[in-house]
Structures are given as structure tokens and as C-alpha cells.
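For reference, the structure is listed below as C-alpha cells.
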Amino acid sequence: MFLFTTQTVDSSNTNVVDQATEQLSAWQKYWQTINWDRVFSVLIQKGLTILAVIVLFYLIRKIGNFLIDQSFERQKKKIADNATRIETIHALSMNIFSYTLFFFFLYSILDTLGIPVGSLLAGAGIAGIAIGLGAQGFTNDIITGFFIIMEQQIDVGDYIRLTDLSIEGTVTSVGIRMLQMKSADGTVHFIPNRNITTISNLSRAHMQVKVDVRIQPNEGYDKISHLIEEANQKLAEEFNEEIFDGPTLFGMVDLGNSNYAIRTILYVTNGKQYKLQEEFLTAYVKILNQNGFTIPNNPIAIGK
């Protein structure tokens, strides 16, 4: 019994060794049938071709960017009063050039590797309907972006307000697919063009600034208005480059709920309205406090 078991195990081990030997022999035969000279030749050839394509497209990109930059630099010198629009079209041209160049670069690499790009494009045409439905939003972005740029609705550097989205800030980039803008607090917003419905451009004209400082009229309106005029004259000289018109003392206004204020109106360069409003209000409060006038915190009851 013991001898029979031993013979069975030995036979099994022999079969496993034979199978392993046959598999190894098959791999050796396959390995020997490979034409390694041909393989290395193809790898070197493809590698050199890919390297040449990379160098070629790198040079094309450098030369293209240089020519585009030089062209728009000349336009900026000729049309100095519309530099922001030229900068917008410049950025758009660079994007289109980069996308087009990348497409041809990818096509060249795939073709060099022997991938049937034509068959892939034909297959993509069959699936065009499904892709088109998925890319509907992308198409809307491009169409909307095209009309935004061509109709000169906004330019890079404009301060705008997107009413429906409750977002406002300075435009930093206008693309064929997306608008990029930066809010006053530093937040950068990326808005797909299809979501833009109403644009309020605050940079196409000088901005109106209203400065209201609350007063108690029974303390002497004439004296208060005289001090306000004195502060206006000093500030007008200090910020003469930012102020386009004014400051003009509008007079006393009722803010409601028994709150009275003296209002000053001025027109300033876009983007400077918040700074100048703060400067004027600070100067008013300071000069009134120095002369003993009260800046009320609560509603005023006149005649009591």
C-alpha cells in the first residue's frame, strides 16, 4: 500500500514538471520567433517621428503666439481708447489657436502610432447624435460667448453685475465657453456663458456716487452745509483725477423714519466709487464732530 501511494505521487509530480517544461518551451519558441531587430527599428522610428512632431508643434506654437501677440500689440498702439476690447479678442484668439493646434497635435501623434484616426472619426459620426445631446450646453456656451464678444457687451477689465446670478465684479477673462470675473472680496467666479442672461456693465460710463451724512437740522442747517462744502472743496482738489463731475451739494433729504441727512452727489471714474464714497463720508463725520455737531444714531423728533 505504501509503495503504491509513493508511485502515484511521483507520477503526478512528473506530469506537473512535464507541463511546465512544455509551457516554458512554448514561450521560448514564441520569444525566438520575434524579430527583435524589427521591433527596435520600429520603436526607434516611431520615437524619432514623435519627437519630431513634438518639436515641430512646439515651434509652431511659439511662432503662432509671437505673431498673434505682435499683431495685437500693434492694434493697441493704433486704437488706444479701446484697449480692453482688443485684449478680449486677443485672449479669444489665443484660445482658438491653442485648441486648434492641440487637435492637430493629437491627430498627428495617434496617426504616428498607427491608430486608425479616420475610423475613429467615422465611428464618432455614428455616435454624433448622442454626443450632440450631451454637448448641447457646450454649444450654447460657444454661441452665447460669440455674441457677447462680437456685440462688445463686456471687455476684460470691465466691472459688471450679473443680475440673475447676483454676482458682480471685474471681468478677468472672456472665453468662447466661460466668463471669468473677480469680486471685490477677491473671489474668482467661473460662469458658463449659457447661464448669462442679463449683464449690467458699470464700466461704460462714469459712476454716480451719493454720500449721505445724517444730521440734526435744528443744530443749524446753514452751518452744517457750509462745513460740508468746505470738505467737498478739499476732497475735490485731492481726488481731481478720479472725479469727473462734482461734488455737488444736493441738500437735505429725508431717509425715512425721521432720519435726515445732507446729500452730496458726484460722478467718478468707474471702480473708484466705493473708495471715494468712504473718503467723503469719513471727512464729513470728522469735520462735523470737530465743530461740535451731532451725528445721530436714532430717529430724530423735530420740534421737540
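The values are calculated or read from the model by the stated rules, or taken from the named source; none is laboratory data. All figures in this text were calculated on a predicted structure; none of them were measured in a lab. Don't worry about glycine lacking a Cβ; one is built from the backbone with ideal geometry, like all the others, and counts go over all protein chains shown. Quick note on the areas: whole protein, heavy atoms, side chains included, nothing else; ligands and nucleic acids left out. Shrake-Rupley method; radii C 1.70, N 1.55, O 1.52, S 1.80 Å.
Among 250-258, 237-245, what's the highest-first ranking by average C-beta atoms within 10 angstrom per residue? Walk me through the numbers on the way to the answer.
Details: 250-258: 11.4, 237-245: 13.3.
Ranked by mean Cβ neighbours within 10 Å, highest first: 237-245, 250-258.
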* Give the share of C-alpha pairs in each 5 angstrom bin for region 157-210, from 0 to the last occupied bin, in whole percents, shortest bins first. => 4, 20, 31, 27, 12, 4, 2, 0
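Ranked from the most accessible area to the least, with a 1.4 Å probe and all protein chains present, what is the order of Tyr260, Tyr267, Tyr58?
Tyr58, Tyr267, Tyr260
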* To do: Arrange the peptides 279-286, 64-71, 150-157 so that the one whose residues have, on average, the most other Cβ atoms within 10 Å appears first.
  => 279-286, 150-157, 64-71
* Structure fact -> Counting only protein heavy atoms and leaving out ligands, DNA and RNA, the solvent-accessible surface of His206 at a 1.4 Å probe, in Å² to the nearest 10, equals 80 Å²
* Can you check how the C-alpha radius of gyration of region 131-194 compares to 2.2 N^0.38 Å, as a plain ratio? => 1.14
* To do: For region 172-304, state the semi-axes of the equivalent ellipsoid (square roots of 5 times the eigenvalues of the alpha-carbon gyration tensor), sorted largest first and rounded to whole angstrom.
  => 37, 18, 12
* Cα-centre dipole for region 149-292 with unit charges at Cβ (Lys and Arg positive, Asp and Glu negative), debye to 20 -> 440 debye
